[in-house]
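Remarks on the structure that follows.
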Amino acid sequence: MATVAPNLLRNEPMRRDPRTFQPFLRLARLLADVAPGRSPLASGLPINMAVGDPQQPAPALLAETVAAHPDGWSSYPPFRGTPDYQRAAVGWLARRYGLPEGLVDGERNLLPIPGSREGLFFAALSALSAGAAEGRDCVLLPAPGYHVYAGAAAAAGAEPVFVPVTRASGFLPDYAALDPAILRRAAIAFVCSPSNPEGAAADLPRWRDLLALARRHGFVLAADECYAEIYVGAPPAGALQAAAETGSLDGLLAFHSLSKRSNAAGLRCGFLAGESALVDTVDAFCRFGGASVPLPIQQAGAALWNDDAHAEANRAFYARLFERAEATLGGRFGWHKPAGGFFLWLEVGDDEAAALRLWREAGIRTLPGSYMVADAHLQPNPAAGFLRVALVHDESVTGPALERLVELLDG
Ligand SMILES: Cc1ncc(COP(=O)(O)O)c(C=O)c1O
């Protein structure tokens, strides 16, 4: 049994000030009074490898399609999606995961969302609200993990149960090892695959087990698959594939987005797919909270989901960066090419000291892994000693930056 004891106090610091758990605010504080050193670029300008903002241009198709729908701005967005958007999203899911026809019904099982961020947040609120009558007041989440999972738990006044994600756990959370009493109190469990920050991907047996666990204990499995199109080698399995094997979407919500697939984080366009009753509840909350996708954006989104060529080119871009990283890092920092995503998760010893040194001496901004877990949440911090480095710049920037990183941190 894992020894993650429920403790409402864990959320106290965050309730008082949610910013305490915002990794980038913590990083800004760390570096506030430290002048950046000259970076290895000819310009000497700082290089931001802390945030996972895609730096490549979005496909021209995006702007062209938005421009072709000028009339769509005057009306409120169609909450459940235009027929075009529904068809495009369902079509992409079918191509990407080989889903049987009819499993995901565009009208019943799908909801456009601005991005996975908004969907994940509202899904937690709605699962906790719906589960309250049964005494479900916990959110299961990976530590380290995307900070919005914990932010949603805090906003709902729920108890976050941080489950350590380590090399030993295959860099994915082992929810099955939790005390069944906690599992019975869980409203929702977050699983990210390919994962941020480690780049680990759940295989089909793992998704099968997670879905079976969620169904057995009656909580929602929230599969955050926003990096589903950024992978090295074979495409990672999806939670919907495990659901397809059972012929039902019960207990599942899968989150997808164009932010990474199409370098379109600013478009705010994605969708969630899953059990119709769950989708209906999230839809209701999104309508209250206003997380909808304007019509011209849905049209652009449909065009992008329908086009695989740009996503393939984008995947090749990240694959080249990983090759470059492999050649430069050469097995240092406990690093191996991950299954997907676009982060390096490097074991560097004191991660705060490493981030400071890279900034002060080389103008390279990285994120101390330990900032992805609040001290009040889990001790010892499972992400301490790791540095997260985003591979989002092109090779002419990433290459020299990695060489300098090795120079400064190795030995
Ligand atoms: C793990 C994870 N989930 C969700 C998101 C949110 O992405 P978006 O809302 O743009 O789809 C991010 C963004 O970086 C992320 O890393």
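Quick notes on this one:
- Within the set VAL90, VAL104, VAL139, the sole residue that is within 18 Å of ASP250 (Cα to Cα), crowded, with 18+ Cβ neighbours inside 10 Å and touching a helix residue (DSSP H, G or I) at 6+ places or on another chain (Cβ under 8 Å) turns out to be VAL104.
- The set of residues in the range 87-107 that are more than 16 Å from CYS286 (Cβ to Cβ) and either part of a helix (DSSP H, G or I) or of a type in the set (Lys, Arg) (or both) comprises ARG87, ALA88, VAL90, GLY91, TRP92, LEU93, ALA94, ARG95, ARG96, TYR97.
- Per the listing GLY145, GLY170, GLY199, GLY233, the residue uniquely in contact (Cβ under 8 Å) with a residue 60 or more places away in the chain and farther than 24 Å from PHE24 by Cβ is GLY233.
- Taking first residues from the range 244-262 that are more than 30 Å from PRO59 (Cα to Cα) and partners that are of a type in the set (Asp, Glu) and modelled with pLDDT of 95 or more, the Cβ contacts under 8 Å between residues at least 6 apart in sequence or on separate chains come to SER248/GLU275; LEU249/GLU275; ASP250/GLU275; GLY251/GLU275; LEU252/GLU275.
- Near pairs, Cβ below 7 angstrom, 6+ apart or cross-chain, from the range 111-128 (under 22 Å from GLN86 (Cα atoms) and in the same structural domain as LEU258 (by TED's automatic domain parsing)) to any residue that is in a helix (DSSP H, G or I) and near the ligand (Cβ under 8 Å from one of its atoms): ILE113/GLY119; GLY115/SER259; ARG117/VAL148; LEU120/VAL148; PHE121/VAL148
- Hey, ARG360 in the same structural domain as PHE21 (by TED's automatic domain parsing) and out of contact with any strand residue (DSSP E or B) (no Cβ under 8 Å at 6 or more places or on another chain) or not: yes
- Residues considered: LEU240, LEU204. Of these, the only one that is under 23 Å from ALA130 (Cβ atoms) and outside the structural domain of GLY341 (by TED's automatic domain parsing) is LEU240.
- The residues of the range 251-297 that are surrounded by 24 or more Cβ atoms within 10 Å (Cβ to Cβ) and among the charged types (D, E, K, R), listed by number, are LYS260, ARG261.
Rundown of residues vs (1) in a strand (DSSP E or B); (2) charged (D, E, K, R), yes/no style:
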site: ALA242; (1), (2): no, no
site: PHE255; (1), (2): yes, no
site: VAL282; (1), (2): no, no
site: GLN298; (1), (2): no, no
site: LEU304; (1), (2): no, no
site: GLU323; (1), (2): no, yes
site: ALA327; (1), (2): no, no
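- Hits in the range 234-250 - residues which are surrounded by fewer than 23 Cβ atoms within 10 Å (Cβ to Cβ) and in contact with a Gly (Cβ under 9 Å, 6 or more places away or on another chain): PRO235, GLN241, ALA244, ASP250
- Filtered by the rule that a residue be more than 16 Å from the ligand (Cβ to nearest atom) and part of a helix (DSSP H, G or I), the range 231-240 gives a lone residue, LEU240.
- Residue that is modelled with the highest pLDDT [pool: residues in the range 366-380 that are assigned to a loop (DSSP other than H, G, I, E, B) and not acidic (Asp, Glu)]: THR366
- Unique residue being within 12 Å of the ligand (Cβ to nearest atom), under 23 Å from ALA154 (Cβ atoms) and buried (at least 24 other Cβ atoms within 10 Å of the Cβ) when the list is ALA214, ALA222, ALA228, ALA187: ALA222
- Looking only at the range 251-282, and only at residues there that are touching a Ser or Thr at 6+ places or on another chain (Cβ under 6 Å) and within 10 Å of the ligand (Cβ to nearest atom), the one that is farthest from ALA132 (Cα to Cα): ALA265
- Selection status of PRO77, within 30 Å of ALA150 (Cβ to Cβ) and either under 20 Å from the mean Cα position of the chain (by Cα) or within 16 Å of the ligand (Cβ to nearest atom) (or both): no
- Summed over the range 52-79, the residues that are in a loop (DSSP other than H, G, I, E, B) and surrounded by fewer than 17 Cβ atoms within 10 Å (Cβ to Cβ) give a count of 10.
- Filter result for ARG15 (charged (D, E, K, R), under 30 Å from ALA158 (Cα atoms), at pLDDT below 90 and assigned to a helix (DSSP H, G or I)): yes
- Taking the range 164-184 as the range and being within 16 Å of the ligand (Cβ to nearest atom) and over 16 Å from PHE342 (Cα atoms) as the test, the residues that pass are VAL165, LEU172, PRO173.
The values are calculated or read from the model by the stated rules, or taken from the named source; none is laboratory data. Every value quoted in this text rests on a predicted model; they were computed, and no experiment measured them. In this analysis, Cβ positions are derived from the backbone assuming ideal geometry, glycine residues included, and neighbour counts consider all displayed protein chains.
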